[in-house]
Amino acid sequence: MSSKDIPKHFQTLKQRFPEVIAASEELGKAAKAAGPIDEKAVHLLQMAAATAIRSHGAVRSHARRALEAGASTQELYHAVLVLISTLGFPVVAAAVGWIDDVVEATD
């Protein structure tokens with residue numbers, strides 16, 4: 001991922017608080033390495049969690065990273081559609097729109 005793909009706000013946070021962001025990134029790496037779930041599934045799970053907290057930036061980030069890890073667009077959409085009975089239609093519909101943005105940018 002090039003620096004142009006990283007949101008400007010995150011780049012600013014990384015410049016202002018480099019130690020905190022580095023520690024957060026290391027924690028994420030340690031959590032991923034702690035179990036048997038592959039990279040693609042990790043990003044689909046994180047995208048679903050981001051949907052639950054309505055974090056459009058994180059949904060887009062993890063959708064993009066899931067695609068890079070080999071997920072299909074159908075898997076991206078399915079990962080949020082299965083949340084409809086838990087989170088409700090409006091939340092899932094918003095996440096589908098955020099995923100659409102990522103998919104359209106990769107076409």
Could you give the length gained on full extension between ASP100 and SER55, defined as 0.36 nm per residue of separation minus the Cα-Cα distance, in nm?
14.7 nm
Can you list the HN-Hα couplings for region 47-63, worked out from phi with the Karplus curve (6.51, -1.76, 1.60; θ = phi - 60°), rounded to whole Hz and with x for Gly and Pro?
5, 5, 5, 5, 4, 4, 9, 6, 9, 4, x, 6, 4, 5, 4, 6, 5
Keeping every protein chain present and rolling a 1.4 Å probe, give me the accessible area per residue for the chain in Å².
64
By a straight-distance test (C-alpha under 17 Å), which aspartates and glutamates pair with LYS32 as possible cross-link partners, with residues fewer than eight away in the same chain excluded?
GLU68
Using Cα atoms only, what is the angle between the long axis of helix 18-33 and the major principal axis of the chain, expressed in degrees (0 to 90) to the nearest 10?
50
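Relative to the present Cα-Cα distance, how much length would full extension add between THR12 and SER72 at 0.36 nm per residue of separation?
Details: separation 60, 0.36 × 60 = 21.60 nm, distance 3.09 nm.
Full extension of this stretch gives 18.5 nm more.
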Structure-based [θ]222 nm, the chain - -39500 (n - 2.57) summed over DSSP H runs of at least 4, per residue, nearest 500:
-24000 deg cm²/dmol
Bins of 10 Å, starting at 0 and running to the largest distance - Cα pair percent for the chain:
14, 44, 34, 8
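Quick one, what does Rg over Rh come out to for region 2-59 if you take C-alpha atoms and the Kirkwood Rh? Don't skip to the answer; put the middle values down first.
Values: Rg = 12.8 Å, Rh = 12.9 Å.
We get a ratio of 1.00 for region 2-59.
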HN-Hα J couplings of region 64-72 from phi, Karplus 6.51/-1.76/1.60, θ = phi - 60°, integer Hz, Gly and Pro as x?
4, 6, 5, 4, 4, 8, x, 5, 8
Across 10 Å bins beginning at 0, the whole-percent shares of Cα-Cα pair distances in region 65-107 come to 29, 54, 17, 0
Region 55-107 - percent of accessible surface contributed by carbon and sulfur, probe 1.4 Å
58
³J(HN,Hα) across region 84-94 via Karplus (A = 6.51, B = -1.76, C = 1.60, θ = phi - 60°), whole Hz, x for Gly/Pro?
4, 6, 8, 9, x, 4, x, 5, 5, 4, 5
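Which FRET efficiency, nearest 0.05, do ASP107 and VAL82 yield, Cβ-Cβ r, R0 25 Å? Provide the component values of the computation, followed by the final result.
Numbers: r = 24 Å, r/R0 = 0.97.
With R0 = 25 Å, the Cβ-Cβ based efficiency is 0.55.
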Where a Cα-Cα gap under 17 Å defines reach, which aspartates and glutamates qualify for LYS14, not counting those fewer than 8 residues away within the same chain?
ASP5, GLU25, GLU26
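The values are calculated or read from the model by the stated rules, or taken from the named source; none is laboratory data. What you see is a predicted model; the values in this text were computed from it and never measured. Every residue, glycine among them, receives a Cβ derived from its backbone with ideal geometry; neighbour counts consider all protein chains shown. Surface accessibility is based on the protein's heavy atoms, side chains included, excluding ligands, DNA and RNA. Shrake-Rupley method; radii C 1.70, N 1.55, O 1.52, S 1.80 Å.
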